[in-house]
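Here the structure is laid out as structure tokens; the discussion comes afterwards.
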Amino acid sequence: MPQDDPDHDPDDDVGAHRDHDAPLSEVELRVRTLESLLVDKGLVDRDALDAIIDTYETRVGPRNGARIVARAWVDPNFRRRLLADGTAAAAEHGYEDRQTEKLVVLENTPQVHNLVVCTLCSCYPWAVLGLPPIWYKSAPYRSRAVIDPRGVLDELGAGVPDDREVRVWDSTAEIRYMVLPERPAGTEAMSEAELADLVTRDSMIGVAVVQAPEGAG
Amino acid sequence: MNGLHDVGGMQGLGPIVIEPDEPPFHHGWERRAFAITLAAGYLGEWNIDQSRAMRERLPATEYFATSYYELWLYGLERLLDARGLVLDEERAARGQDPTVSVARVDRVHALAARDVERVLGTARASRTDDDVEPRHRVGDRVLTRTINPVGHTRLPRYTRGKRGQVTVDHGVWTFADSMGNDLGPDPQHVYCVRFEARELWGDEARPRDAVYVDLWDDHLEPA
């Protein structure tokens with residue numbers, strides 16, 4: 001990693017390679033001060049911090065959920081297990097996380113569209129989707145998802161027909177929700193791995209539909 | 001607390017902006033704030049509900065101007081001070097002079113790097129084996145309590161005093177409203193309750209749309 005490019009230094013607020021001409025912001029100073037005190041007091045270990053960051057930047061993310069979705073699309077037995085006990089089905093893939101004590105998977109169908117939110121904070125199924133995106137944690141989404149889900153879906157380009165029921169799931173306890181999106185038409189010849197590449201994070205939250213690749217079908 | 005964290009049903013908070021290909025973190029300090037919060041959580045000095053409760057105490061006038069990981073930082077600073085682990089005075093002194101020394105804390109042990117993979121892959125144990133009778137059954141009609149506690153609650157404002165139907169019994173869990181207010185586990189059943197959109201929002205809502213909310217026995221009465 002180029003040391004003369006602070007934009008690409010992953011630890012630019014604490015590392016030695018930071019551009020020394022730019023003053024630290026107030027929040028950068030607060031974090032640096034607190035981390036240094038925690039380390040000096042023996043309350044955190046810097047190597048553990050690096051391992052935590054690496055876990056959520058490189059290992060735990062929405063590709064986990066996408067693999068589960070693709071498996072459910074091609075394997076009816078797995079789909080049944082996933083919908084009956086999401087926690088166990090995710091664990092079959094090795095996807096378990098401190099944030100995801102009980103995972104419930106919600107199947108989108110031509111009759112029902114599911115949408116996941118946390119109106120009180122930012123609860124999210126880390127084991128299968130990683131850390132939540134900013135919009136999911138933002139007040140505009142958290143406030144509107146429960147009172148105007150159809151408006152939210154229209155705005156985000158995932159409008160739902162009038163005759164389809166919309167179910168919003170507010171993650172108020174320690175149960176975490178993930179949506180099993182509909183498999184797009186025209187993907188019958190695709191492999192499980194190719195299907196997984198089509199599945200987006202937002203489709204597993206319920207604010208997007210999975211699109212077939214151009215020319216499919 | 002009827003605070004600004006409890007935003008369900010609020011209006012006028014602006015557009016939802018999705019950033020394409022958003023990275024997990026946008027700034028180096030966010031990585032560090034995230035990691036020290038998780039690592040310090042494994043000291044065992046507080047539970048997740050106390051952590052959420054502390055973040056909810058951010059003054060309302062600052063809430064919408066505070067970014068997500070700044071909110072985490074605020075909560076962590078307050079918890080560490082409250083437990084006597086890192087005092088506000090120590091942060092102020094270190095902020096003025098980075099060379100100020102501090103004594104090690106011996107009563108707790110830092111999460112070791114070799115344990116990170118194991119602990120992050122282990123779910124929190126909020127679910128318990130306590131033998132507690134359910135007060136409601138799947139299919140029951142329930143009425144949520146009308147409460148306005150000044151402390152922590154996981155019963156959102158928009159669901160209070162509303163009628164719904166139990167769809168799932170999730171088993172016995174520690175009660176967040178008790179844990180978050182330093183009152184112990186108080187284990188009880190958690191249910192998924194379906195509320196018709198019209199029950200929550202009135203006749204302009206779609207007749208077949210619904211909101212599902214996970215609630216504890218103490219939030220519910222028979223309807």
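The values are calculated or read from the model by the stated rules, or taken from the named source; none is laboratory data. For clarity, every value in this text was computed on a predicted model and none was experimentally measured. Note: ideal-geometry Cβ built from the backbone for every residue, glycine included; neighbour counts use all protein chains shown. Just the protein is used for accessible areas: all its heavy atoms, side chains included, with ligands, DNA and RNA removed. Shrake-Rupley method; radii C 1.70, N 1.55, O 1.52, S 1.80 Å.
With R₀ set to 35 Å, the beta-carbon distance separating B:Thr122 from B:Asp88 gives a calculated FRET efficiency near 0.60. Express in % the proportion of alpha carbon pairs of chain B at distances exceeding 28 Å. More than 28 Å apart: 44 percent of the Cα pairs in chain B. Considering only B:Val193, B:Val213, B:Val150, the mean-square fluctuation computed in a Gaussian network model of chain B, springs between alpha carbons under 10 angstrom, is largest for B:Val150.
Label separation (B:Asp203 vs B:Glu19): 4.5 nm, computed from points 7 Å beyond Cα along the C-beta direction. The listed residues A:Ser203, B:Ser67 rank as B:Ser67, A:Ser203 when sorted by accessible area, largest first, using a 1.4 Å probe. The smallest convex shape that holds all Cα atoms of the range A:93-201, its convex hull, gives 116 Å³ per residue. Per residue of peptide A:95-103, the mean number of Cβ atoms on other chains within 10 Å of the residue Cβ is 5.
Here B:Arg135 sits with roughly 140 square angstrom of accessible surface, probe radius 1.4 Å. For the range B:1-112, the average shadow cast by the Cα convex hull is 9.6 nm², which is a quarter of the hull's surface.
For the protein assembly as shown, what does the helix formula give at 222 nm: sum of -39500 (n - 2.57) over DSSP H segments with n ≥ 4, over the residue count, nearest 500 deg cm²/dmol? Roughly -9500 deg cm²/dmol at 222 nm, from the helical runs in the protein assembly as shown. Give the calculated FRET efficiency between A:Asp162 and B:Val132 to the nearest 0.05, with a Förster radius of 51 Å applied to their Cβ-Cβ distance. Given R0 = 51 Å and the Cβ-Cβ separation, E is 0.75. Per-residue 3J(HN,Hα) values for the range A:184-189, derived from phi via the Karplus relation 6.51 cos²θ - 1.76 cosθ + 1.60 with θ = phi - 60°, read x, 5, x, 10, 4, 8 Hz in sequence order (x marks Gly and Pro).
The stretch between B:Arg57 and B:Arg145 holds 29.4 nm of extra length on full extension. This uses 0.36 nm per residue minus the Cα-Cα distance.
Coupling constants for the range B:124-140 follow from the phi torsions by the Karplus curve (6.51 cos²θ - 1.76 cosθ + 1.60, θ = phi - 60°), and in residue order they are 4, 9, 7, 7, 10, 9, 4, 8, 10, 5, x, 8, 9, 10, 4, x, 5 Hz; glycine and proline get x.
In a GNM of chain B with a 10 Å cut-off on Cα contacts, which of B:Thr61, B:Thr167, B:Thr159 has the highest mean-square fluctuation? For chain B, modelled as a Gaussian network with Cα springs under 10 Å, the answer is B:Thr61. In order along the range B:4-10, the phi-based Karplus estimate (6.51 cos²θ - 1.76 cosθ + 1.60, θ = phi - 60°) of 3J(HN,Hα) comes to 7, 5, 8, 9, x, x, 5 Hz; Gly and Pro are listed as x.
Think of a 1.4 Å ball rolled over the protein heavy atoms: the protein assembly as shown then has 44 Å² of accessible area per residue.
Distance between the pseudo-spin-label points of A:Phe78 and B:Met1 (7 Å out from Cα toward the beta carbon): 4.5 nm. Based on the inverse mean of 1/r over its pairs of different Cα atoms, what is the Kirkwood hydrodynamic radius of chain A, in Å? After inverting the pairwise mean of 1/r, the radius is 19.5 Å.
Of the GluC sites (Glu not before Pro) found in the range A:100-209, those in coil by DSSP whose Cβ has at most 10 other Cβ atoms within 10 Å are A:Glu188. When B:Ile48, A:Ile52 are compared by accessible surface with a 1.4 Å probe, the order from highest to lowest is B:Ile48, A:Ile52. Of the whole protein surface, B:Arg208 contributes about 120 Å² of accessible area at a 1.4 Å probe radius. Proximity of backbone amide H atoms, modeled 1.01 Å from N, is registered between A:Glu107 and A:Leu180 at under 5 Å, excluding neighbours fewer than 5 places apart on the same chain.
Measuring spread by the Cα atoms of the protein assembly as shown yields a radius of gyration and Dmax of 22.2, 68 Å. Here is the short version for chain A: A:Cys121 have no other Cys C-beta closer than 4.7 Å. On the basis of the beta-carbon distance and an R0 of 22 Å, B:Arg107 and B:Asp182 show a calculated FRET efficiency of 0.70.
Accessible surface comparison of A:Val160, B:Val86, probe 1.4 Å, protein chains only, largest first: the order is A:Val160, B:Val86. Other protein chain C-beta atoms within 10 Å of residue C-beta, averaged over B:213-221: 3.
Between B:Gly12, B:Gly28, B:Gly95, the Gaussian network model of chain B with springs among Cα atoms under 10 angstrom shows the greatest mean-square fluctuation at B:Gly12.
Rolling a 1.4 Å probe over the protein chains gives B:Thr99 an accessible area of about 110 Å².
When the accessible area of the protein assembly as shown is computed with all protein chains present and a 1.4 Å probe, what percentage of it is carbon and sulfur? Percent of accessible area from carbon and sulfur atoms in the protein assembly as shown: 48.
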